[in-house]
Amino acid sequence: MERVAAIDVGTNTVLLTVAERRDGVLVPVVERAEITRLGRGVDRTGRLDAAAIGATAEVLGRYAAEARSLGADRIACVATSAARDASNGSEFFAAAREAAGIVPEVISGEEEARLVHRSAWSDFGSPGHRLAVLDIGGGSTELTWGSGPDPAGRRSFQMGAVRLTERISPGDPPTAADLAALRAAARGALAEIRDIQVSGHLAGARLVGVAGTVTTLAAVEQALPVYDAARVHGSELDRDALGALLGRLATLPLDERMRLPGMEPKRADVIVAGSVLALEAMSLGGFARLTVSDRGVRWGLLHERFGP
């Protein structure tokens, strides 16, 4: 069977999917996710941190070796917000080439959004019905909408869970003033979503939430002792329940948040900001609930580069 692979190098997380074609359908063989925080400090310095470059390149080396050992001769690899924004991205690309033999392709926020929409449509889309896709990353947030695999519209906002956390620097645990500041910054960055909603583009749309913030919130809401993609993918988060979960997360110091069932420990320091972004986006867009997707850019890449 033919096997192919896709790697998504994000601001916070590096993700791998190795898939094989079975009866014309791509089926996952291996999926990996590791938080390396490539975008640490980029919002403040405009540069990638040397340690983060090294950690990310090391993960890329392991991912590429595993993919090749499983028979994936073709590997698509893209980098998103952090690599787009940093002035020293060339240092990261050189390290990636040396460690993995591949150089990530830097894609724009709009291209990132298009690939995520394609992935979500393949799982949750239905002809004649509108789909909206919210992708909360570490450095940016993307929103798409449309009635097919290619979005009719898309927007990229330069605010993600890591960037918002670094910009506000909330206390441990956050104070009421910290939460107000997080909400104000998130609402300001995502304000255009209200205009999109007023224009009618989101009317009747099913909202799908993608990426680590949303999947982690779903896992914590279900109190999963071990992350289970089968229980997270396709689950739903109600806006009111999400608000209650944010209130709970914000009362806990970091060490307690890290120990919550379902929490990815390395994501615990940015999950409050990520939750705020999710809630503000849902509020601005007029959505009462969202469907959780455990897939994203890498699956969009697989469908586009290696699909039927």
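The residue list 140, 122, 90 contains one member that is hydroxyl-bearing (Ser, Thr, Tyr), within 20 Å of residue 236 (Cα to Cα) and at pLDDT below 95, which is 122. Criterion applied to 291, 251 was being more than 30 Å from residue 78 (Cβ to Cβ) and modelled with pLDDT of 95 or more, and the one residue passing it is 251.
Could you please find all residues in region 122-155 being within 19 Å of residue 276 (Cβ to Cβ) and part of a loop (DSSP other than H, G, I, E, B)? 137, 138, 139, 140, listed by residue number. What's the total number of residues in region 151-191 that are touching a His at 6+ places or on another chain (Cβ under 8 Å) and under 21 Å from residue 11 (Cα atoms)? Qualifying residue count, region 151-191: 1.
Taking residue 51 as the residue in question, decide whether it is assigned by TED's automatic domain parsing to the domain that holds residue 20 and within 13 Å of residue 9 (Cβ to Cβ). Considered against the rule, which asks whether it is assigned by TED's automatic domain parsing to the domain that holds residue 20 and within 13 Å of residue 9 (Cβ to Cβ), residue 51 comes out as no. Annotation: residue 73 fulfils all but one of (1) at pLDDT below 90; (2) assigned to a loop (DSSP other than H, G, I, E, B); (3) surrounded by fewer than 16 Cβ atoms within 10 Å (Cβ to Cβ); the unmet one is (2).
Is one or more of the residues making up region 142-161 surrounded by 19 or more Cβ atoms within 10 Å (Cβ to Cβ) and among the acidic types (Asp, Glu)? Yes, region 142-161 contains a residue that is surrounded by 19 or more Cβ atoms within 10 Å (Cβ to Cβ) and among the acidic types (Asp, Glu). Residues in region 161-188 that are part of a helix (DSSP H, G or I) and of a type in the set (Asp, Glu) were compared, and the one that is farthest from residue 276 (Cα to Cα) is 166. The helices (runs of 4 or more DSSP H) falling completely within region 189-308 that include 1 or more residues that are crowded, with 24+ Cβ neighbours inside 10 Å map to 192-198, 212-221, 271-285, 297-306.
The values are calculated or read from the model by the stated rules, or taken from the named source; none is laboratory data. Treat the numbers as computed from the prediction; the structure is a model and nothing was measured. Neighbour counts run over all protein chains shown; Cβ positions are idealised from the backbone, glycine included.
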